[in-house]
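S.K.: Take this structure, written in structure tokens, and hold onto it; I'll ask about it next.
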Amino acid sequence: MRTGSPTGGAAIAACRDHSQRAAAGGLIRRVGAQRAGGRERARITARVVALIAAASGLISAADTSDPPHVPSAPLRAAPDAVAALIHPVPTLLLLDFDGVLATYSRTARIAQLAAHCGCDSARVREVLFASGLETAYDGGDIATAAYLHRLGEGLGARVDEADWIAARVAGSRGDPGVIERVLALADRIDIGVLTNNGALMAQAIPQIVPTLFPLLRGRVLCSGALGGRKPQAEVYRRALDHFGVAARHALFIDDLFVNVRGARAIGMPAETASGARALRRALARHGLG
């Protein structure tokens, strides 16, 4: 079973026996003070996991003194139970869009714009992506009207909001398995979206995943509207401010590890996942199985 360093408060709270609580607290403080090297940190983490497993009845208290020899079968049989004790259950599930809630084909999007403008796909690729126009819009460096004007000017045809949305919809498909899992969680946790896209994407998403609305109404945040792009720390902080949730009480899911690492850097639990199976595993690690 692969585990990260236990969250201190959750690990200690899981150990109801006073001696176990004291032992877990001391071990976690040693890791937090960074006085242990890599091998020692691994040994300490194994001991804390053993203490938590004993507290939950997965192993006997006698086995916690020598974690390398703890019977592994009970832990393998119920890894989600141990993980749920290590990680506090979040109150907000914050999801990336492209690569998590939906698949995205840049090629299909480009083909739709090319057909609309009567130009070849290579021209669309150059004007929209190679020029840096799309990146600037995703980061909030250019307003929607100016972005569409420059796009149309470069392609030799007018591109309005409806045209842009039609192309974005043509290049995106909601993931049925992921959507089903999100809907199943709707009565247990608040759900939001944080995507690296310009502000206009908020109007396209309801057409791509209509079954998630009205659940996500007012809960889709585009990086362009937040004035940056993931993995910039301020983008995550502004998203959390919008939902009124502290970083430690949220769980962020993205298909790109660079964005997951950015979320973790501000203290927000985060997981990499793409597809329904990976999402289920990630959620289970945080008590949302």
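S.K.: Mind listing the long-range amide H neighbours of D255? Cut-off is under 5 Å, sequence gap 5 or more, other chains count too, H placed in the peptide plane at 1.01 Å from N.
M.R.: A273
S.K.: Rounded, prolate or oblate, given the Cα gyration tensor of region 161-265, with a/c below 1.5 counting as rounded?
M.R.: Values: a/c = 1.70, a/b = 1.21, b/c = 1.40.
The shape class here is oblate.
S.K.: Rank by packing, highest mean first: peptides 207-214, 253-260, with packing defined as the count of other Cβ atoms within 10 Å averaged across residues.
M.R.: 253-260, 207-214
S.K.: Please list log₁₀ I(q)/I(0) at q = 0.17 Å⁻¹ for region 106-170, using the Debye equation with identical point scatterers on the alpha-carbon positions.
M.R.: Here the Debye-derived log intensity ratios amount to -0.49.
S.K.: Can I ask one more? If each residue of separation counts as 0.36 nm, what is the full-extension length gain between Q203 and A122 once their alpha-carbon separation is subtracted?
M.R.: My answer for the length gained is 26.5 nm.
S.K.: Starting from the Cα-Cα distance between E234 and L215, subtract it from 0.36 nm times their residue separation and give me the gain in nm to one decimal.
M.R.: Additional length available on full extension: 4.3 nm.
Read the figures in this text as sums done on the coordinates, not as results from a lab. It should be emphasised that the depicted structure is a prediction, and the values quoted were computed from it without experimental measurement. Note that we place each Cβ from the backbone using ideal geometry, even for glycine, and neighbour counts take in every protein chain shown.
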